[in-house]
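Let me begin by presenting the structure, written as structure tokens, before commenting on it.
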Amino acid sequence: MNNLAYKEPLELEPIPMMPFEQRKEAERFGKSEAIFEEIEDDYTKLGLIGEEHNKILSYIAAVSRKMDTPLNILVLSSSGAGKSALQDKTLKLTPEEDVIRTSSITDKAIFYMEKDALKNKVLAIEEACGVRDMYALRTLITEGHLTIETVSGCKLRRNTVEGPVSVFQTTTNPDINPETKSRFFILGVDESRSQTQKILSSQRKAHTLEGIIQRASHEEILTKHHCFQRLLRNYAVVNPYAESLFYGDDRLQARRDQPKFLNLCCAVAFLNQMKKEVKYHGELEYIEVDIDDIEMATELASEILGMSLDDLSLPARDLLMQLDEMLPKNKARFDRTFTRREVMEHTGWAKTRLHIHLQELLDYELVVKTGKRNCVEQYKLIYNGEGKNGKKFLIGLM
């Protein structure tokens, strides 16, 4: 990972100047074992109700702007559901000097920005439709820089825009380009009736004496987060557990999900850097991902990238449970193969019914085809009993 690229010794980085009490509070926050609970609570005090996982992931993504591989966020929801509120509160918690906010931007505009205009910044675009073409942004995210060469008179001119940059966007269009999906965490806003009730209650409370008193604390909250983020050092992040994590290679989706998950683990560790030992390899200073970081990343990724059994139709879910029961638990996961004939004999299902609901499991990649043996199609069960408690889970992650 390019997080291990050589950097100049960190002693050369200027130490941010701030009042002693503000620094002390920022360091307390950074070393807190309940830092994620505090982040969530501060969003709530700023007026953003619910959206627990979205709050944490958005905050981590904003902080990751200081890394070599930042996270990028695309918030998808219906008009008026609150997608902009999540982005607005995240940007307020980010130091203003590190935020570039725009309603519309063209590819050419990005190419002709100043060299360091986007470096280690959050680029927030109000609506995805405000981007005429995503090519430049996608290239900047992937390559970490943009270069354009033009001819002016008789001279060849080159302009380079350097990253990395963390991109935030909102959209109401669910038809998202697959190339964009592969580079962004797609966040959905809670549009349930219960969430609406909570928001309406919060809006009313804001006009009470208690609400006005709470608003007076906003500046203190923002100052704490700004100071904390200014104190973060651009350490490299090493994941000593990376090769012990396993994404099943039966699903093409894994090619897209695994890099996101690994980067998320590093971003969580980067946020927790004040609680970590700084290690050295020559002149390289780095911190390490620990088990707690991986657990938090898994929780977030399961909620954002994962699926729920409730996403399945009832017959497809029933078929999945019967397949899980049919294939021995003590059998290696990679050997949990079966044929349609075996399933019909076990379940008593008719051929047409099995075809319809097995296809649903194939669409969700809970089951994959493995080829033919003696002219008979073979299937493999990827699902391994997760999510029966109603929680979302990542398919294929071990």
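Got a sec? Which helices (runs of 4 or more DSSP H) wholly within segment 285-396 have at least 1 residues that are in the same structural domain as F36 (by TED's automatic domain parsing)?
Details: elements: 291-304, 314-326, 340-347, 351-363.
In segment 285-396, 291-304 are the helices (runs of 4 or more DSSP H) which contain 1 or more residues that are in the same structural domain as F36 (by TED's automatic domain parsing).
Which number in (1) surrounded by fewer than 18 Cβ atoms within 10 Å (Cβ to Cβ); (2) touching a His at 6+ places or on another chain (Cβ under 9 Å) marks the one condition that V376 misses?
In the conditions (1) surrounded by fewer than 18 Cβ atoms within 10 Å (Cβ to Cβ); (2) touching a His at 6+ places or on another chain (Cβ under 9 Å), V376 misses (2) alone.
Let me confirm something: among K55, K108, which residue is farther than 30 Å from I294 by Cα and assigned to a helix (DSSP H, G or I)? Steps first, please.
Numbers: K55 fails: farther than 30 Å from I294 by Cα.
From the options K55, K108, the qualifying one is K108.
Among (1) surrounded by fewer than 12 Cβ atoms within 10 Å (Cβ to Cβ); (2) without any contact (Cβ under 8 Å) to a residue 40 or more places away in the chain, which single condition is D310 missing?
Just one mismatch for D310, condition (2).
Among (1) under 22 Å from the mean Cα position of the chain (by Cα); (2) assigned to a helix (DSSP H, G or I); (3) charged (D, E, K, R), where does R23 come up short?
(1)
Please identify the pairs in which a residue from segment 34-47 that is assigned by TED's automatic domain parsing to the domain that holds Y59 has its Cβ atom under 8 Å from the Cβ atom of a residue that is assigned to a loop (DSSP other than H, G, I, E, B) and among the charged types (D, E, K, R), counting only partners at least 6 apart or on another chain.
Y43/E51
If you check E191 against the conditions, is it closer than 23 Å to K89 by Cβ and exposed (fewer than 11 other Cβ atoms within 10 Å of the Cβ)? Don't jump to the end; show me each part of the working.
Details: closer than 23 Å to K89 by Cβ: yes; exposed (fewer than 11 other Cβ atoms within 10 Å of the Cβ): no.
Spelling it out, it is not the case that E191 is closer than 23 Å to K89 by Cβ and exposed (fewer than 11 other Cβ atoms within 10 Å of the Cβ).
Which residue is surrounded by the most Cβ atoms within 10 Å (Cβ to Cβ), if the candidates are limited to segment 168-188 and must be of a type in the set (F, W, Y) and within 23 Å of F111 (Cβ to Cβ)? So that I can check it myself, show each step before the final result.
Taking segment 168-188 first, the residues of a type in the set (F, W, Y) are 168, 184-185.
Among the residues that remain, those that are also within 23 Å of F111 (Cβ to Cβ) are: 168, 184.
Numbers: F168: 25, F184: 23.
Out of the qualifying residues, it is F168.
Out of all the residues in segment 157-167, is one or more more than 25 Å from the chain's Cα centre (by Cα) and either over 13 Å from I110 (Cα atoms) or not in a strand (DSSP E or B) (or both)?
So the first thing to find is which residues in segment 157-167 are more than 25 Å from the chain's Cα centre (by Cα), and the list is 157-160.
Subset that is either over 13 Å from I110 (Cα atoms) or not in a strand (DSSP E or B) (or both): 157-158.
Yes, segment 157-167 has at least one match.
So which residues in segment 186-232 are hydroxyl-bearing (S, T, Y) and assigned to a helix (DSSP H, G or I)?
Applying the first criterion (hydroxyl-bearing (S, T, Y)) to segment 186-232 yields 192, 194, 196, 201-202, 208, 217, 223.
Answer for segment 186-232, where residues must be hydroxyl-bearing (S, T, Y) and assigned to a helix (DSSP H, G or I): S194, T196, S201, S202, T223.
State yes or no: is V122 in contact with a strand residue (DSSP E or B) (Cβ under 7 Å, 6 or more places away or on another chain), under 18 Å from I304 (Cα atoms) and buried (at least 19 other Cβ atoms within 10 Å of the Cβ)? Give the derivation first.
Numbers: in contact with a strand residue (DSSP E or B) (Cβ under 7 Å, 6 or more places away or on another chain): yes; under 18 Å from I304 (Cα atoms): no; buried (at least 19 other Cβ atoms within 10 Å of the Cβ): yes.
No.
Looking only at segment 250-306, which residues are without any contact (Cβ under 8 Å) to a residue 60 or more places away in the chain and acidic (D, E)?
Answer for segment 250-306, where residues must be without any contact (Cβ under 8 Å) to a residue 60 or more places away in the chain and acidic (D, E): E277, E288, D290, D292, D293, E295.
The values are calculated or read from the model by the stated rules, or taken from the named source; none is laboratory data. Being a predicted model, the structure only gives us computed values, none of them experimental. Positions of Cβ are backbone-derived with ideal geometry, glycine not excepted, and every protein chain shown enters the neighbour counts.
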